[in-house]
1. Taking Cα atoms, how many degrees apart are the long axis of helix 35-46 and the longest axis of the chain, rounded to 10 and kept between 0 and 90?
2. Going by alpha carbons, how many degrees (0 to 90, nearest 10) lie between the helix axis of 10-28 and the longest principal axis of the chain?
3. For Ser213 and Gln11, what does the FRET efficiency come to when R0 = 22 Å and r is the distance between their Cβ atoms, rounded to the nearest 0.05?
4. Which value, to two decimals, describes the C-alpha radius of gyration of region 74-156 once divided by 2.2 N^0.38 Å?
5. Tell me the volume per residue, in Å³, of the convex hull enclosing the alpha carbons of the chain.
6. Per DSSP H run of n ≥ 4, the term is -39500 (n - 2.57); total these for the chain, divide by its residue number, and report the mean residue ellipticity at 222 nm rounded to 500 deg cm²/dmol.
7. Nearest-5 percent of antiparallel DSSP beta bridges in the chain?
8. Please go through region 66-164 and write out the trypsin sites (Lys or Arg not before Pro) that DSSP classes as loop and that have at most 10 other C-beta atoms within 10 Å.
Amino acid sequence: MSTDATPVDQQSVQQVRENFDKLSAEIRKVIVGQDEVVTQMLMAIFCRGHALVVGVPGLAKTLLISTIARALHLQFSRVQFTPDLMPADITGTEVIQEDKATGQRGLRFVRGPIFGNVILADEINRTPPKTQAALLEAMQERQVTVGGQRHALPDPFFVLATQNPLEQEGTYPLPEAQLDRFMFQIQIGYPSLQEEMEIVRRQASKGSEQITSVMDEGAIRLTQRVVREMPVPDYVIAYALRLVRCTRVKEPMDMGVPRPKMVSDYVSWGAGPRASEYLILAAKAKALLSGSLHVTPEHVKQIALPVLRHRVLLNFSAEADQVTSEQVILAMLKELPVDGAGSERKVLEKVVR
């Protein structure tokens, strides 16, 4: 998209900002702190994406997701993933039903918990790959196929999965193909001292807060449309591509910029084109929610970690040196220039033509 793209409607942008502020205020009635986590979850929803939330037990991941569903006036469905969970337990199954009037028997499809708007896949790595794969079609195609019949899922539809990074015994790591379906991998950490004190005070003195729905399906679709219509300059797209293509260590750097040494030393496999798409889409949402009508490289930098951290696969040297994907991404953000070299601009000119 070039810099002369048609700007989005100012009134629609203002409406989105007001809805976001109201939504954040409602969520803060229940959730203390975690402002960036809340923003990233909402960004995923506003971009029609899915999110993987990683954090230790007791950080209110489930409460946060259910609170967001209530504030958005969406149907919430929770699936507790266990080793004995089967695909049909998620998607649904066909059962034999007898018509009492005629006495004839036929198959009737009984919907599973996947038929909701906000799906909490709790501890998704606790179930075997066979069951994990039941989410693939739902996340990508927004439908499920049972008995040769396709069943469309409700719209809007979001999968927000949780994962415990500590207890790995008896777990099944998500395959790269499924990880790539998640727009964000959101890291949730411990609250600060002041935040934890407020959490304890609330629990000791108050009951459960009543959440008011401040957005409906129409408002969500409006936000998704506004995000899609946000114009993005070519140089911002070029910067996003520079970040993604830098991670592909098995290919030469074709954008006229040298690859950082940390990437060459520690990355075994890089991000695919879906990462480039999500970087730009998330940058649009970040700009919109921060009150800007112009997407800049700074917005790309602000959302690079949640988009890329689960798409950059490290080698054994990284494990030996205790280097994380976040450290590699931060090195890229520090060393890669925002403005490309002359050869990169020539490449972009050819693409635009």
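Here, each number is a calculation from the coordinates, and none is a lab measurement. These numbers were taken from a predicted model, which means no experiment stands behind them. No Cβ is skipped: glycine too gets one built from the backbone with ideal geometry, and neighbour counts run over all protein chains shown.
1. 80 degrees
2. Helix 10-28 and the main axis of the chain meet at about 60 degrees.
3. 0.50
4. Output field value: 1.21.
5. Cα convex hull per residue, to the nearest whole number: 186 Å³.
6. Dividing the helical sum by the residues of the chain leaves -13500 deg cm²/dmol.
7. Antiparallel bridges make up about 45 percent of those DSSP assigns within the chain.
8. Lys100
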